[in-house]
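Engineer: Have a look at the structure that comes next, please.
The values are calculated or read from the model by the stated rules, or taken from the named source; none is laboratory data. Because the structure is predicted, anything quoted here is derived from the model rather than measured. Cβ sites come from the backbone with ideal geometry, for glycine too, and all protein chains shown count toward neighbours.
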Amino acid sequence: MGEPTRSAHPGLPTHPGPPAVGALPTAPVPAAPVENPYVRTLDPRLAAYAEEFLERVDELPTYRPTIGCVIPAYNEGETIAGVLDALLMQTRLPDAIHVIVNNTTDDSVEIAGHYAGPHTRTTPTGEQSTVVYVHDIGKNPDKKVGALNYGYSLVEHMDYLLGVDGDTTPEPDAVEHLINEIASDDRIGGISAIYSIDDSALRGPVEKFLIAGQRAQFSAFNMQNLLKGRNMAVLGGQFSIFSTQALRDVLKDSHQRTPWVNDSEVEDSLLSLQIKSAGYLTKISAHARAHVGGMTTLRSLDAQQVKWNFGAIDLMWPGQRGDTRGQPFHPNLRLRWFEHLSMVLNMVTRLMFFMLLIAAVSIDAFVFRAWWLIPPTAAVLLNLRVAHSMKFRNKRDYLFALLIAPAEIYMLIRMGHFVRAWLKFFSRQQTDNWAAQAKAERGKGAAWMYPFIALAVVFAGFGAVWNYAPISMATKSEILAIGWPVLGIITIVQTVWMALKAMRPYRGFQA
């Protein structure tokens with residue numbers, strides 16, 4: 001007689017072996033109705049078992065990538081609760097959330113401590129769980145970099161590391177979008193969310209003006225990356241997910257003990273370059289969104305932007321500074337070079353215009369030309385397009401673009417940051433820009449005023465030379481006759497470029 005055949009898959013039902021010779025059933029076994037074409041080709045006696053087997057295989061759990069979330073927190077007492085609330089309301093919960101409190105002097109630990117422990121919630125895909133851990137590592141000389149590396153040591157066994165700043169609140173589906181995108185392609189080493197700035201709780205006109213400028217700046221930057229194949233030069237630390245395998249490859253290729261190093265002003269830019277150099281892609285998400293903390297004073301905005309620009313220059317410039325090797329031709333830095341060259345051109349055109357205008361008025365040679373209105377009109381149209389591309393746009397974004405003056409003033413402020421960063425770089429000052437930013441955010445320091453003072457001195461000096469130096473009227477006329485056409489040519493090139501940018505299709509992307 002035939003012996004029962006045991007299943008090769010534990011937990012699945014056994015089935016009888018083929019009957020012995022002479023023991024065939026007198027009537028055929030009716031086959032169950034099946035949908036799978038493979039099942040229809042089987043002997044009717046095995047069809048029922050095959051259908052049940054395939055159904056059991058379909059019910060087996062699929063692999064779920066693990067995510068370890070790391071939140072470096074420095075004096076985030078006012079915002080850390082909102083960040084944790086937003087993470088715990090995600091449609092895809094991280095498997096673990098580590099809050100790394102460092103160098104803090106406020107109640108960040110106490111507030112985060114209320115969230116410590118396991119959390120479970122029901123999502124559209126079923127019940128999910130996570131655990132929140134709060135680590136107070138005390139005084140940490142490496143600041144944010146040290147906190148990130150400490151967090152990496154806690155989650156390096158997981159598939160992905162999600163880095164979140166202590167003042168960044170993601171949209172409810174942000175983690176789900178990031179993990180789906182990065183897990184779908186092994187070539188991707190990291191993906192950054194689309195960043196915006198929440199402007200719902202601003203107090204005065206200065207705060208509203210500065211946040212509107214930063215929202216426009218972020219929007220233009222995001223759209224530029226989205227339209228370039230979603231390739232991201234910098235995986236911003238505000239809300240980005242990294243493959244831990246990619247980070248391990250960076251450690252091996254760069255001979256580092258930790259992914260983030262403390263000798264770069266922009267630790268996220270350097271790591272992004274290293275991930276790219278290790279053979280991985282660095283991307284911006286098409287859907288994941290997060291709201292980051294903005295700078296609400298001129299002092300704090302100056303410190304942040306100078307630090308960013310200084311760090312970028314450090315990576316762009318050839319040679320070696322400290323332990324950071326300049327990589328001027330790195331693919332990730334092409335956009336940086338373009339941004340800096342564009343800023344130089346903006347500075348030249350504005351300085352030339354105001355100087356030529358002052359000079360022409362002083363000798364009664366100023367003549368208004370209607371075509372001068374074309375460049376500002378093109379700028380307004382481009383700024384309106386940038387505002388309209390925002391996912392969470394509002395009337396303040398449109399007014400910032402439409403009124404011309406706010407955008408121009410913000411551009412002048414950015415020029416000051418640009419000049420300060422380059423001067424610091426070439427002066428080889430040994431300045432802790434992290435400490436400078438923290439000091440500025442506490443309302444201390446006067447360095448933010450230097451560009452405005454320098455600009456006033458430049459114009460005062462120009463006016464004195466123009467009016468009091470022994471320059472004949474004929475020479476002044478010749479200078480104006482040469483200066484205006486040169487400015488006109490540069491302005492035409494800029495205007496054409498702005499018009500092309502305003503007309504390019506956004507292919508359904510929103511910044």
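Engineer: Whether any residue in the stretch 147-158 is among the charged types (D, E, K, R) and touching a residue at least 40 places away in the same chain (Cβ under 8 Å) is what I want to check.
Structural biologist: Within the stretch 147-158, one or more residues are among the charged types (D, E, K, R) and touching a residue at least 40 places away in the same chain (Cβ under 8 Å).
Engineer: Go through S272, S240, S192 for me and flag whichever is in a helix (DSSP H, G or I), over 19 Å from V306 (Cα atoms) and among the polar types (S, T, N, Q). Step through it out loud before you land on a result.
Structural biologist: On the way: S240 fails: in a helix (DSSP H, G or I); S192 fails: in a helix (DSSP H, G or I).
Of the residues listed, the single one that is in a helix (DSSP H, G or I), over 19 Å from V306 (Cα atoms) and among the polar types (S, T, N, Q) is S272.
Engineer: When you go through Q238, Q245, Q217 one by one, which is the residue that is more than 18 Å from the chain's Cα centre (by Cα) and either closer than 26 Å to H157 by Cα or in contact (Cβ under 8 Å) with a residue 40 or more places away in the chain (or both)?
Structural biologist: Working: Q238 fails: more than 18 Å from the chain's Cα centre (by Cα); Q217 fails: more than 18 Å from the chain's Cα centre (by Cα).
Within the list Q238, Q245, Q217, the selection yields Q245.
Engineer: Contact list please: Cβ distance under 8 Å, first residue in the stretch 371-387 and assigned by TED's automatic domain parsing to the domain that holds I492, second residue not in a helix (DSSP H, G or I), pairs at least six apart or on different chains.
Structural biologist: Listed pairs, sorted by first residue: P376/I404; A379/I404; V380/I404; V386/A511; A387/R393.
Engineer: Right, here's the next one. Within the stretch 431-478, work out how many residues are in a helix (DSSP H, G or I) and modelled with pLDDT under 85.
Structural biologist: Qualifying residue count, the stretch 431-478: 11.
Engineer: Taking the stated definitions as given, is I409 exposed (fewer than 15 other Cβ atoms within 10 Å of the Cβ) and either part of a helix (DSSP H, G or I) or not hydrophobic (A, V, I, L, M, F, W, C) (or both)?
Structural biologist: Details: exposed (fewer than 15 other Cβ atoms within 10 Å of the Cβ): yes; either part of a helix (DSSP H, G or I) or not hydrophobic (A, V, I, L, M, F, W, C) (or both): yes.
Yes.
Engineer: Looking only at residues in the stretch 275-323 that are surrounded by fewer than 22 Cβ atoms within 10 Å (Cβ to Cβ) and acidic (D, E), which one is modelled with the highest pLDDT?
Structural biologist: Going through the qualifying residues, I end up with D314.
Engineer: Sticking with this structure for a sec: For the stretch 275-299, name all the residues that are outside any helix (DSSP H, G or I) and of a type in the set (K, R). Walk me through how you get there before you give the answer.
Structural biologist: Filtering the stretch 275-299 for residues outside any helix (DSSP H, G or I) gives 278-297.
Result: K283, R289.
The rows are residues; the columns are (1) touching a residue at least 60 places away in the same chain (Cβ under 8 Å); (2) in the same structural domain as D106 (by TED's automatic domain parsing); (3) crowded, with 22+ Cβ neighbours inside 10 Å; (4) among the charged types (D, E, K, R).
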site	(1), (2), (3), (4)
A193	yes, yes, yes, no
G204	no, yes, no, no
V234	yes, yes, yes, no
N262	yes, yes, no, no
